[in-house]
Every structure is written in C-alpha cells, then in structure tokens.
Amino acid sequence: MASFLDTLFGGGAEKDAANANRGLYQNYFGYGQDFLGQGYQTGQQNLNSATDLYKNLAGQYGKGTSLYLDALGINGADAAKNAQSAFTTSPGYQQGIDAGLDAINRRRAAAGMANSGNADLDALNFAQNNQNQQYNNWLSALSGVNQNNITATQGQAAGYGSLADLASQYAQNQTGLLGNYTSGMTSANNLEAAGKAAGAKNLLGAGLSLASLAAGGGFGGLGSALKSGTSALGLGNLFMGGGSPSGY
C-alpha cells in the first residue's frame, strides 16, 4: 500500500487502484478465454457427432438414389438396363407373377380352356400388367429413399453450417473479450497516469510554496539556501526525504 507522501506526490493511491484493476481484468480475460474455449469445444464435438450421423445416412440412402436415377434413365441406357435387372431380380417379383399365372391356369383348366388362345392372352396381359404395377411401386419406393437421401444430405449441410456459425461466434466472443480486457487495462493505465500527474502537480506546488516562503525570509536558513542557488526541485526532494539539496 502506498505511503502518505507517495499518495500525495507520486499518485500512489491511483497506482494501487490501477494494479488492483489490472489483476481483476487479467483474471477476467484468463477465465473468459477458458470458458469460451470449453463452450466451443463442446459445441464442436456435438455438432460433429450429429453431422457424422447425417453423413452416414446420406451414404446409405445414396445407393437408392443412384438406382432411382438409373431407373429413370438419367444415367444412360446401360444404367437403365442395370436398374431393370435389379427390379426383375428383386424379392417377390417372380413369385407374384407365378402366383397370378397359377391362378389363371387353374381357372381356365376348371373351365376346360387350358390350352385355348384366350388363356394364353389372359396370361400375357396379366404378366404385363403385374410387371407394370410392380415396377411403378418399385419406383415409388426408390423415390422415397431418394427423398430420405435429400433430407440426410440437408441435415449434413446444416451441421456444417452450424459449425461455421459456431466458429464465427467463437471468434466474435474472443474479440469482444479482448476488447473488454484492453479497455479495462487502458482505464487502469489512465488512472495511474492521472495519479502521477496529480502527484507531480502537488510536488511542484509544494516546491513553489516553499520557494515563495524562502524568498520572503521564512524558515530562517531556508531562505539563505535558496538565495545561494537551491532549486525548488531540491527542496521538494528534501521535503520527501530524498536527501539534502545542494548548499546544505
């Protein structure tokens, strides 16, 4: 803690206050950085986990999307043939046609028309209609998978966007923290400087007062010392315990 003379002539009280303020702002800056860093790391980890889940989903649904585009002919004739092959070998396709044809054959046999041309035509129409229906249902199912892929991809993109927003907010918070810290340290420096300036004025005022008294013959030998060349600054040093001025 500053002494009385240091407070009066050296801005000691302001210096003490400024040092205390610096300590507080240093703690504020250090703890603030830790808290911001912890929050950023936690948010980044959670967002990365969520984004990875969407990424995995997009990868799984992406296979269905590729097959859907192939079936629509978007990826070329060869890709469309491969999609058609995937459809005809899909589970339940052949079983559905076989079951329908068996039902037609039994009905025609019971009516004595098993080998008629009408029976063959009915079987052909059934097979074509059944295939068309199943194919449309298959495309509809692939369309749903494609929509799931779009949703998963959008979720992944949103996760990356959230990570970018988090990084941007973290940078802004760090900048704000640094600005507050700098402002506080500047205020502390200004406070100390103001104290030193006030102390210098007090010291100068004291020296001038002593010089005035000495010039008027006060303090006995003090006046003689001034007349022999002792400066106001030397008297100030003497007043503050800094030693004897020249001439003593």
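Please identify the pairs in which a residue from the stretch 165-181 that is polar (S, T, N, Q) has its Cβ atom under 7 Å from the Cβ atom of a residue that is part of a helix (DSSP H, G or I) and surrounded by fewer than 12 Cβ atoms within 10 Å (Cβ to Cβ), counting only partners at least 6 apart or on another chain.
Qualifying pairs under 7 Å: none.
If we keep just the residues of the stretch 188-199 that are loosely packed, with under 14 Cβ neighbours inside 10 Å and touching a residue at least 40 places away in the same chain (Cβ under 8 Å), which is farthest from the chain's Cα centre (by Cα)?
Here the residue is ALA197.
Within the bounds of the stretch 63-70, is there any residue that is assigned to a helix (DSSP H, G or I), under 34 Å from the mean Cα position of the chain (by Cα) and more than 27 Å from GLN128 (Cβ to Cβ)?
yes
Give the number of residues within the stretch 169-199 that are small (Gly, Ala, Ser) and under 14 Å from LEU36 (Cα atoms).
2
In the stretch 28-87, how many residues are among the aromatic types (Phe, Trp, Tyr) and farther than 28 Å from ALA158 by Cα?
Qualifying residue count, the stretch 28-87: 4.
Bear in mind these aren't lab numbers, they're just calculated from the coordinates by the rules spelled out. What you are looking at is a predicted structure, and each value in this text was computed from that prediction instead of being measured. Cβ atoms come from the backbone with ideal geometry, glycine included; neighbour counts cover every protein chain shown.
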